[in-house]
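A.B. asks: Have a look at this one before I ask anything.
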Amino acid sequence: MTTPQEVTAFLHAEIPQTRSLGIVVEQWDGQSLRIATPLNINRNHEGTAFGGSISTTGIVAGWTWVMLQLKAHGLEGRLVIGLSETQYHKPIDGDFVARCPAGVDDLERFIRSVSRRGRGRIRVRTEISKAGPVFEVAAVHEGVYVVAERE
């Protein structure tokens, strides 16, 4: 799974909510990820992006980035979100995108831990912006993603 289309298909098959939200992976280059979410099915009563959809987009971006890093290192495990926080800086009145990672605490340590012990945790920061030529941060999601051995 290396192309944005393959990653999108994986998400839609394994996490049906991503299909319901219209999430599409736009870019994956082995280091950074960019996903897009349409406003029309994720809007609130004010015509702006629903906070829950923004938060979910941030969670999905971080989770997908960590999952792809694990696969790139030949690792597996049960990957879940352990802690999630979204800060909303301004309304988003159009389709929106998330880019990840905007910040990561020690990827090498995380990979080493999962490799040696079959488990680990990593903090990932994702930034969300209205889609367009200029990426202007409207929300920030910080998540701690946890890998545990499969039972």
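Bear in mind these aren't lab numbers, they're just calculated from the coordinates by the rules spelled out. Owing to the predicted nature of the structure, the values given are computational and were not obtained by experimental measurement. Cβ atoms come from the backbone with ideal geometry, glycine included; neighbour counts cover every protein chain shown.
A.B. asks: When all C-alpha to C-alpha distances in segment 28-69 are sorted into bins of 5 Å, what percent of pairs does each bin hold, rounded to whole numbers?
C.D. replies: Histogram of Cα-Cα distances, whole percents per bin: 6, 22, 27, 18, 13, 10, 3, 1.
A.B. asks: State, to one decimal in nm, how far the label point of ALA148 lies from the label point of ASP106, with both points 7 Å from Cα in the Cβ direction.
C.D. replies: That separation, rounded to one decimal, is 2.2 nm.
A.B. asks: Hey, of [x] 49, 28, 28; [y] 62, 37, 21; [z] 55, 39, 28, which did the structure itself give for Cα extents along the principal axes in Å when calculated?
C.D. replies: The value matching this structure is [x].
A.B. asks: Can you give me the angle between helix 51-72 and the longest principal axis of the chain, using Cα atoms only, in degrees from 0 to 90, rounded to the nearest 10?
C.D. replies: Its long axis makes an angle of about 30 degrees.
A.B. asks: Which residues in segment 19-47 have a backbone N closer than 19 Å to a point placed 7 Å from the Cα of ILE81 along the Cα-to-Cβ line?
C.D. replies: 19-26, 33-39, 41-44
A.B. asks: Okay, helix-only estimate at 222 nm for the chain: each DSSP H run of n ≥ 4 adds -39500 (n - 2.57), divide by all residues, round to 500 deg cm²/dmol; what do you get?
C.D. replies: Details: 4 runs with 50 residues, N = 151.
Rounded to the nearest 500, the figure is -10500 deg cm²/dmol.
A.B. asks: Can you tell me the 0 to 90 degree angle between the C-alpha axis of helix 107-117 and the longest principal axis of the chain, rounded to 10?
C.D. replies: Result, in degrees: 40.
A.B. asks: Between LYS90 and ILE41, what length in nm is gained on full extension when 0.36 nm per residue of separation is reduced by their alpha carbon distance?
C.D. replies: Additional length available on full extension: 15.7 nm.
A.B. asks: Say R0 is 30 Å: what FRET efficiency, to the nearest 0.05, do ARG117 and SER32 get from their beta-carbon distance?
C.D. replies: In this case the efficiency is close to 0.65.
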